[in-house]
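> Supplied in structure tokens, the structure appears directly below.
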Amino acid sequence: MKSSQFNTPRQVKQYDMSNKAGRRWDVFCRIVDNFGDIGVCWRLSQQLAHEHHLQVRLFIDNLAIASKIIPSLNAELPSQTINSVEICTWPNADEDIKPADVALETFSCELPATYLEAMQASTLWVNLEYLSAEPWVADFHARGSNNTKITRHFFFPGFTDATGGLIRETNIFQKNQKLAKSPPLQCDFLQSLNLVHDDALKISLFSYPHAPIPSLLNAMAESNQRIHCYVPISSILPKVAKYFGVDSSQLNTIQTGEKFSQKNLNVTILPFLSQSDYDKLLAICDINFVRGEDSWIRAIWAAKPFIWQPYLQTENTHITKLDAFLDLFYSSCDETARYSVSEAHSAWVADNITIPVWQNYLNNLPTIKRFTLQQANQLAEQTDLAAKLVIFLQKLSVKV
Ligand code: TRH
């Protein structure tokens, strides 16, 4: 990739975070659907607390769903501290919450009205936007709008230095590389999931139910090499089960550990893994099907070939987002390999992934693998989103 796409890493000026003015942060997360909202917020809140030693309160509107991502969460408690993050239920309409120094609204979830009213002029308000590779993001990143009592700043994640960067905990890239290069460590992890470690191609499958799953499974079964496909429990299980002939009355009874096979394809149903175990699965697999936002970024840090299914949006906005990402990430990839990536993604977001499209992707896998590692290496040199957010707020607090 031309370095202009990702830019070169800037030196991260060490801002004096001893400034008490900016140490208390409130993060607000409304769970729209699926797990990405809470997946991103939980990851970011922990990183802000652990790596930037901030006092973080994470307000969540649905603790029951959040507990899928935060297993130790007690959905009955109004407040609890887990991994140094204070997790709170969404404030009631009449509940007075004393605002922190920084209010981090995520994905335009809208802050509670009482909280907004209680915010002081000194409170810094930032909205964390959804991730996109579209070029316009850099123009809108870090802008503020003054049509509210307190300026609301917009922080756009992205793939270039001119954006807010990508969420990346310290050393995750290196940890993934260590696992990807160690058959014994891979064996241990696979055994922990009751999986064998052999020379078959390992593929993880995490997608939305509207993906052409039957055609992918058929193409995998017809592949010219053996495939282990690992499917963590999610909303696609009925479509997977139906492909393997499970009776329609039983489609919703598929359990963790169940296996299905056809020709060169073996499918194993996995539990919904912890975020750290999911990172390990991605690092061990040869190809990762990911979706939405957070698993997309995790696939990049796993540095293995991945096929991304964007969250479905109206007017094909998700296709625009996909094309922008493919243009940015694969712009300097070998043309033949890049074409195989592009046609696989086009098929995956459409209604059919044929055997020739899938086989062509497999034929180019060695090139795609080398290129993906190179790109991930380059992105991992950039300043991560949490650090950029802290620096951004530090600069704002100096101005207030
Ligand atoms: O679940 P998602 O579809 O979330 C989506 C996206 O975030 C999208 O941008 C947003 O608009 C929409 O929600 C409302 O996909 P995503 O972003 O990959 O989040 C899934 C989370 O689940 C991520 O943190 C990874 C985690 N995960 C596990 O922890 N264990 C697992 O086994 C799997 C498969 C995923």
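> Kindly establish whether residue 340 is away from the ligand (no atom under 15 Å from the Cβ) and closer than 17 Å to residue 372 by Cα.
Criteria met by residue 340.
> Write out, first by first residue and then by second, each pair whose Cβ atoms fall under 7 Å of each other, whose residues are 6+ apart or on separate chains, and whose first residue, in the stretch 241-256, is surrounded by 11 or more Cβ atoms within 10 Å (Cβ to Cβ) while the second is part of a helix (DSSP H, G or I) and among the charged types (D, E, K, R).
What qualifies is 251/242.
> Keeping to the stretch 159-218, report how many residues are closer than 25 Å to residue 331 by Cα, among the β-branched types (Val, Ile, Thr) and assigned to a loop (DSSP other than H, G, I, E, B).
3
For (1) under 21 Å from residue 295 (Cβ atoms); (2) in contact with a Lys or Arg (Cβ under 9 Å, 6 or more places away or on another chain), each residue gets a yes or a no:
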{"residue": "65", "(1), (2)": "yes, no"}
{"residue": "83", "(1), (2)": "yes, no"}
{"residue": "93", "(1), (2)": "no, no"}
{"residue": "100", "(1), (2)": "no, yes"}
{"residue": "105", "(1), (2)": "no, yes"}
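> Next question. Checking the conditions here, which among 299, 283, 386, 303 is within 30 Å of residue 54 (Cα to Cα), free of Cβ contacts under 8 Å to residues at least 40 places away in the same chain and in contact with a Leu (Cβ under 9 Å, 6 or more places away or on another chain)?
Every option except 299 fails the conditions.
> From the residues in the stretch 176-191 that are closer than 28 Å to residue 42 by Cα and touching a residue at least 12 places away in the same chain (Cβ under 8 Å), which one is nearest to the chain's Cα centre (by Cα)?
176
> Okay, moving on. Which ones in the stretch 294-324 are closer than 12 Å to residue 379 by Cβ and away from the ligand (no atom under 13 Å from the Cβ)?
Once the filter is applied, which keeps residues that are closer than 12 Å to residue 379 by Cβ and away from the ligand (no atom under 13 Å from the Cβ), the stretch 294-324 yields only 303.
> Something else now. For the stretch 277-286, indicate whether the set of residues that are surrounded by fewer than 23 Cβ atoms within 10 Å (Cβ to Cβ), away from the ligand (no atom under 14 Å from the Cβ) and over 26 Å from residue 70 (Cα atoms) is non-empty.
yes
> Within the stretch 323-340, work out how many residues are within 13 Å of residue 306 (Cα to Cα) and either touching a strand residue (DSSP E or B) at 6+ places or on another chain (Cβ under 8 Å) or aromatic (Phe, Trp, Tyr) (or both).
Here the count works out to 3.
> If a residue must be within 11 Å of the ligand (Cβ to nearest atom) and surrounded by fewer than 14 Cβ atoms within 10 Å (Cβ to Cβ), how many such residues does the stretch 69-78 contain?
Total meeting the criteria: 1.
> When you scan the stretch 228-316 for helices (runs of 4 or more DSSP H) that lie fully inside it, which ones turn up with 1 or more residues that are modelled with pLDDT of 95 or more and more than 21 Å from residue 351 (Cα to Cα)? I'd like the intermediate steps shown before the answer.
Details: elements: 237-243, 275-284, 294-302.
It comes to 275-284, 294-302.
> From the list 123, 81, which one is assigned by TED's automatic domain parsing to the domain that holds residue 43, modelled with pLDDT under 95 and of a type in the set (S, T, N, Q)?
None of the others qualify; the one that does is 123.
> Hey, another quick one. Taking the conditions exactly as written (more than 16 Å from the chain's Cα centre (by Cα), small (Gly, Ala, Ser) and either crowded, with 21+ Cβ neighbours inside 10 Å or within 24 Å of residue 186 (Cα to Cα) (or both)), does residue 295 satisfy them or not?
no
> Checking residue 351 against (1) closer than 26 Å to residue 135 by Cα; (2) modelled with pLDDT under 95, which single condition isn't satisfied?
With (1) closer than 26 Å to residue 135 by Cα; (2) modelled with pLDDT under 95 applied to residue 351, the lone miss is (1).
> Another question, if that's okay. Please specify each residue of the stretch 70-115 satisfying the condition of being without any contact (Cβ under 8 Å) to a residue 12 or more places away in the chain and not in a loop (DSSP other than H, G, I, E, B).
Residues satisfying the conditions are 79, 80, 81.
The values are calculated or read from the model by the stated rules, or taken from the named source; none is laboratory data. These numbers were taken from a predicted model, which means no experiment stands behind them. Positions of Cβ are generated from backbone atoms using ideal geometry, with glycine treated the same way; all protein chains shown enter the neighbour counts.
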